[in-house]
1. Skipping prolines and chain starts, which residues have an amide H placed within reach, meaning under 5 Å, of the one on residue 145, given they are 5 or more residues away or on another chain?
2. With each run of n ≥ 4 DSSP H residues scored as -39500 (n - 2.57), what mean residue ellipticity at 222 nm is computed for the chain after dividing by its residue count and rounding to the nearest 500 deg cm²/dmol?
3. Can you work out the Karplus-derived ³J(HN,Hα) for every residue in the range 13-25? Use 6.51 cos²θ - 1.76 cosθ + 1.60 with θ = phi - 60°, whole Hz, and x for glycine or proline.
4. Which residues' amide hydrogens lie under 5 Å from the amide hydrogen of residue 150, considering only partners 5 or more residues apart or on another chain, with H built in the peptide plane?
5. Taking the Cα centre of the chain as the origin, how large is its charge dipole in debye, to the nearest 20, when only Lys and Arg (+1) and Asp and Glu (-1) carry charge on their Cβ atoms?
6. Once phi is turned into ³J(HN,Hα) by the Karplus curve 6.51 cos²θ - 1.76 cosθ + 1.60 with θ = phi - 60°, what whole-Hz value does each residue of the range 26-33 show in order, with x for glycine and proline?
7. Evaluate the relative contact order of the range 10-172 (contact order divided by residue number), counting alpha-carbon pairs under 8 angstrom at least 6 apart; express in whole percent.
8. From the phi angles alone, apply the Karplus equation (6.51, -1.76, 1.60; θ = phi - 60°) to the range 82-99 and give each ³J(HN,Hα) in whole Hz, x where the residue is Gly or Pro.
Amino acid sequence: MVNGYPMLEYLSKIMSLEQALVKARTLKNLNKKLVFTNGCFDLFHLGHLRYLAEARALGDFLIVGLNSDLSVSRLKGPLRPIRNETERAEMLAGLIMVDAVIIFEADTPLELIKSLKPQYLVKGGDWAEKDIVGAAQTRSWGGETKSLNLLPGYSTSNLIEKIFRLSRLDQEK
């Protein structure tokens with residue numbers, strides 16, 4: 001039991017780097033394509049869902065590198081993340097298109113990328129391919145870097161702003 005709930009199978013998708021490396025080696029031996037992406041995934045929204053589905057469609061196994069709480073705070077400011085890394089990891093692991101989640105402490109996933117050596121390194125359409133961390137390394141082992149479609153109007157920042165606007169309107173009543 002976890003907090004009163006029966007153990008959920010999807011929690012096994014939350015892996016250490018060592019576990020993910022074993023999986024990556026197995027996939028390579030089977031000529032399967034590993035896809036890697038990363039992010040904060042603070043307030044999950046439709047843009048995230050579609051992005052992850054598009055990422056998974058590129059290969060056979062999708063690993064999501066998830067920025068730790070400390071990493072998100074350094075990148076996004078002291079008020080973030082809204083949801084803690086455990087919650088964010090479980091939400092991602094519960095998605096059918098996500099095969100593994102690795103929480104990482106660094107500000108960039110470069111060491112993860114260099115260790116896992118994915119066939120595809122992907123980020124959202126707000127990233128130019130030349131600016132994607134790990135792109136040069138991925139090309140060095142024959143992999144590809146892709147900037148995927150961005151769903152206009154969907155971002156965590158937009159969602160937070162909308163919540164603040166609605167809260168202000170509610171307070172004015």
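1. Placed amide hydrogens put 121 under 5 Å from residue 145.
2. -12000 deg cm²/dmol
3. 6, 7, 10, 7, 4, 4, 5, 5, 5, 4, 5, 4, 5
4. 125
5. So the magnitude is around 380 debye.
6. 4, 4, 4, 5, 9, 6, 9, 9
7. Dividing the mean separation by the residue count of the range 10-172 yields 27 percent.
8. Couplings: 6, 10, 6, 4, 5, 5, 4, 5, 5, 4, 5, 5, x, 7, 5, 7, 9, 9 Hz.
The numbers here are math on the coordinates, done by the rules we state, and not lab data. None of the values given here were measured: they were computed from a predicted structure. Positions of Cβ are generated from backbone atoms using ideal geometry, with glycine treated the same way; all protein chains shown enter the neighbour counts.
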